[in-house]
Amino acid sequence: MLELDHIAVLGETLAEAVSHTEATLGAPLLPGGEHPDFGTHNQLLGLDDGLYLEAIAVDPAAATPGRARWFGLDQFSGPPRLDKWVCRVPDLDRALALLPMAGEAVSLSRGSLRWRMAVPRDGILPFAGMFPALIEWQSPVPPGLALPASGARLDRLSVAHPEAEALAALLVPHLTAPVVEFVTEAVPALRGSFTTPRGIRVLQ
């Protein structure tokens, strides 16, 4: 029911998030766009296996949104880092009936893209942000299939949290994502291990 859709690198600025990603993976990110509903903007990188990566940050040119920004960006600070993972679901309402802590459904669009996303009222996902954001694509060709391949493949996504076992117990019964592992560590964090044309790279 839950499949890994994409991962997100957050930054205090989009330039910082993009630079961190490009320096680690050795591939240029492509233009993305703006999200007026949340006052953010992004750039994108196509990965193998229908996955993709987005670098995202608060858009300083956007009006202040009338609600908390998604991905906890209102509270984000520090160096850019891999900070969020997003799972697609075929039916967001059904997914939220099973996992109501994911947030409330919000309908969004940009250009030809249409989607619904679960966003907590305060913008902060459970388990210190290590709980995945849930997305239901309503476009026939989502970004993971539309973006050109960069030559980078995500081999392993490690979700670290002091209560990793509890997080896994919530998600694993519904999750189809062989690359995802849950590890018990003192500090919540994401780590992505990639095979790239330049060799193995770890993004965190």
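Only the coordinates and a few stated rules stand behind these numbers; no lab work does. Quick caveat, the model's predicted, so the values are computed rather than measured. When we count neighbours, we look across all protein chains shown, and the Cβ atoms used for this are built from the backbone with ideal geometry, even at glycine.
Between residue 1 and residue 109, what length comes free when the chain is fully extended (0.36 nm per residue of separation minus the Cα-Cα distance, one decimal in nm)?
36.6 nm is the gain from fully extending residue 1 to residue 109.
Give me the percent of DSSP beta bridges within the chain that run antiparallel, rounded to the nearest 5.
Here the share of antiparallel DSSP bridges comes out near 70 percent.
Can you tell me, using C-alpha contacts under 8 Å and at least 6 residues apart, the relative contact order of the chain as a whole percent?
So the answer I get is 24 percent.
If you stretched the chain out fully between residue 183 and residue 19, how much longer would it get, using 0.36 nm times the residue separation minus the C-alpha to C-alpha distance?
56.3 nm
So if R0 is 22 Å, what FRET efficiency would residue 141 and residue 98 give, r being the distance between their Cβ atoms, rounded to the nearest 0.05?
Calculated transfer efficiency: 0.20.
Which loop-located trypsin sites (Lys or Arg not before Pro) does segment 147-193 contain, where loop means any DSSP state but H, G, I, E or B and the Cβ has at most 10 other Cβ atoms within 10 Å?
Loop-located and lightly packed - none at all.
Counting other Cβ atoms within 10 Å of each Cβ, which GluC sites (Glu not before Pro) in segment 137-201 have at most 16 and sit in a DSSP loop?
When the GluC sites (Glu not before Pro) of segment 137-201 are filtered for loop state and at most 16 Cβ neighbours within 10 Å, 163, 185 remain.
Rank the residues 200, 124 as a footprinting-exposure proxy: fewest other Cβ atoms within 10 Å of their Cβ go first.
By the 10 Å Cβ count, ascending: 200, 124.
How long is the gain from residue 202 to residue 64 if the chain were fully straight, where each residue apart is worth 0.36 nm and the alpha carbon distance is subtracted?
46.3 nm
Would you calculate the separation in nanometres between label points at residue 49 and residue 91, each defined as 7 Å from the Cα along the Cα-to-beta-carbon direction?
Using points 7 Å along Cα→Cβ, the separation is 2.7 nm.
Rounded to whole Å, give me the distance from the Cα center of segment 25-102 to that of segment 134-181.
That distance is 13 Å.
Do the sum for the chain: with -39,500 (n - 2.57) for every DSSP H run of n ≥ 4, divided by all residues, what is the mean residue ellipticity at 222 nm, to the nearest 500 deg cm²/dmol?
It lands at -4000 deg cm²/dmol.
Note down the Stokes-Einstein diffusion coefficient of the chain in µm²/s, whole number, using a Kirkwood radius over alpha carbon pairs, 25 °C, and 0.890 mPa s.
In µm²/s, the coefficient is 145.
Find which of 131, 82, 112 sits farthest along the positive direction of the dipole of the chain, computed with +1 on the beta-carbon of Lys and Arg, -1 on that of Asp and Glu, about the Cα centre.
Looking along the dipole axis, the top candidate is 112.
Would you mind calculating the relative contact order of segment 28-67 from Cα pairs under 8 angstrom and at least 6 residues apart, reporting the percent as a whole number?
Relative contact order here is 38 percent.
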